[in-house]
1. Could you work out the mean projected area of the convex hull around the alpha carbons of segment 155-313, in square nanometres to one decimal?
2. Give me the orientation-averaged projected area of the Cα convex hull of segment 119-219, in nm², one decimal.
3. What are the GluC sites (Glu not before Pro) within segment 199-246 that DSSP puts in a loop, where the Cβ has at most 12 other Cβ atoms within 10 Å?
4. Roughly speaking, what is the stretch gain from Lys99 to Ala292, that is 0.36 nm per residue apart minus the C-alpha to C-alpha distance, in nm to one decimal?
5. Once the piece of chain linking Leu309 and Lys11 is laid out straight, how much longer is it, given 0.36 nm per residue of separation minus the C-alpha distance between them?
6. Under the rule of at least 5 residues apart or a separate chain, name every residue whose amide H is placed under 5 Å from the amide H of Lys220.
7. Can you give the translational diffusion coefficient of the chain in µm²/s, computed by Stokes-Einstein from the Kirkwood radius over Cα pairs at 4 °C and 1.567 mPa s?
8. Using amide H atoms built 1.01 Å from N in the peptide plane, name the residues 5+ places from Ser253, or on other chains, whose amide H lies under 5 Å from its own.
Amino acid sequence: MRYKTYSEALKERFGEKVYKIPVSVPLSCPNRDGNCGNGGCTFCGEVGTGFENLDAEINIAEQLIKNMAYIGPKYKAEKFIAYFNNFTNTYCTPSTLEKQLREACVPGVVGLCISTRPDCISEAQLDAMASVQNDHKVEISVELGLQSINWHTLEKLNRGHGLAEFVDAVLRIKRRGFRVCGHLIGNLPWDEASDLNEAARLFTVLGIDEVKIHTLYILKNTVLAKQYEAGEFEMKPVEDYVARVVEFISLVSPNMVFQRFAGRAPEEETLFCNWGMSWWKVKDLIDQELEALNVHQGDKCTYLNGPALRKFE
């Protein structure tokens, strides 16, 4: 392979196929309730990103057992990761977080993946995670939504945080020995290709373990949808996105794991999603371009350890 894939990385760590199961909890977001902002991010819909989730009012263990019973036989998987994926899953008291994580530690679950915002990671939350990990011997990873390293773009998106909060969160999480996945949107209209390039370099320097690069989809009835319909921005062609991702792959550490190269949303709920093609077609275009240009992950990862001093070696 020309890059490290998530499925293969999981097999290496757990010795067999591992499948992620989404979990919903009745939490919101500090960018919705007035704590950091109102209205949420401009791209976020009423259900967040939980299109495939069960109702958040259903007991966590019940959600997992029900989905595992369906997915296990279908995909021949016996090990699972409970994926707290919708809204901000550490936006609660440490005791609430610990309770929810413990409820997810049902037989067959070998890992917990917690999706959250960079401004919702504290030492108390990390203490709660460590307690669960120590007691249940599960791997814990934290998925941090950054979306862009460009401050102006983050303002446009009404994110309510900047780059500093992301760096702070990563350093705290890594000090505790948890895995970190960084989440980026690769084709934001206000970002230049250089922004994604610098994100690759930053992720490498911070030692981020895994990365998700999403395509931007535009959900109906969102602020972003209204801006799109008003002609306030245009979506760049898929060729531009492919070129950006190929360069990102060449710049990151050879050890980083790629979880995803495209976002997914129901067609009937979007104004724009993946240029009218499936997510796997976008991935195929990236793979084809890597082959055509003979690019491998880490080819351009030459910026570490004082590169300006190499003339003296």
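1. Reported value for the Cα convex hull: 11.3 nm².
2. 6.9
3. Glu232, Glu234
4. Taking Lys99 through Ala292 to full extension adds about 64.5 nm, to one decimal.
5. That works out to 103.4 nm of additional length.
6. Here Thr270, Leu271 satisfy the definition.
7. It comes out at roughly 64 µm²/s.
8. It is Thr204, by chain and number.
The values are calculated or read from the model by the stated rules, or taken from the named source; none is laboratory data. A quick note: this is a predicted structure, and the numbers were derived from the prediction, not measured. Every residue, glycine among them, receives a Cβ derived from its backbone with ideal geometry; neighbour counts consider all protein chains shown. Surface areas here come from the heavy atoms of the whole protein model, side chains and all, with no ligands, DNA or RNA. Shrake-Rupley method; radii C 1.70, N 1.55, O 1.52, S 1.80 Å.
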